[in-house]
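Here is the structure we will look at.
The values are calculated or read from the model by the stated rules, or taken from the named source; none is laboratory data. Note that the structure is predicted; figures quoted are calculated from it, not measured. With ideal geometry, Cβ positions are generated from the backbone for all residues, glycine too; neighbour counts draw on all protein chains shown. Protein only, heavy atoms only, side chains kept; ligands, DNA and RNA dropped before computing areas. Shrake-Rupley method; radii C 1.70, N 1.55, O 1.52, S 1.80 Å.
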Amino acid sequence: MGEDDKVICNDDSPVKYLTLEDVKCHNSCTSTWLVIHDKVYDVTKFLDEHPGGEEVLFEQAGGDATESFEDVGHSSDAREMLTQYCIAELDPADRKKENSKDVLITTSSSHSSWWTNWLIPALAAAVVGLMYRFYLVETKTSS
């Protein structure tokens, strides 16, 4: 790796890029690495201190924990604390592309009224009821 492959992670010390394969090898209690926002963190020394327990970190060990980290809603203090465990940047080839995010497609607009949720089924039930009633009247008169 050349000088271009070095990045500053913390304390102005140059750190090399690591691949996701490198990170996957560190998923034990003796070596626990996580990827959060394309940075690699060695949280082995933090396992006993983590407020949510070490099990939470073990579940994400050796992989990308960005979504889980954000879902919990960590404080700004937790985010600052995270920088001391940063050991590398994730290799650009292993990073998720911004365009590859899941796209959710919905057919209803956010401005639809609540009454449309019950009106259509109510009308359908009324039509079926009338048709059934008409069928009963026809069968009684033809007998």
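Of the residues 22, 38, 64, 12, which single one is modelled with pLDDT under 85 and farther than 14 Å from residue 81 by Cα? If you could, list the steps in order and put the result at the bottom.
Numbers: 22 fails: modelled with pLDDT under 85; 38 fails: modelled with pLDDT under 85; 64 fails: modelled with pLDDT under 85.
Being modelled with pLDDT under 85 and farther than 14 Å from residue 81 by Cα holds for just one of 22, 38, 64, 12, which is 12.
Go through (1) open to solvent by 40 Å² or more (accessible area, probe 1.4 Å); (2) in contact with a strand residue (DSSP E or B) (Cβ under 6 Å, 6 or more places away or on another chain); (3) outside any helix (DSSP H, G or I) and name the single condition residue 96 misses.
So the condition that residue 96 fails would be (2).
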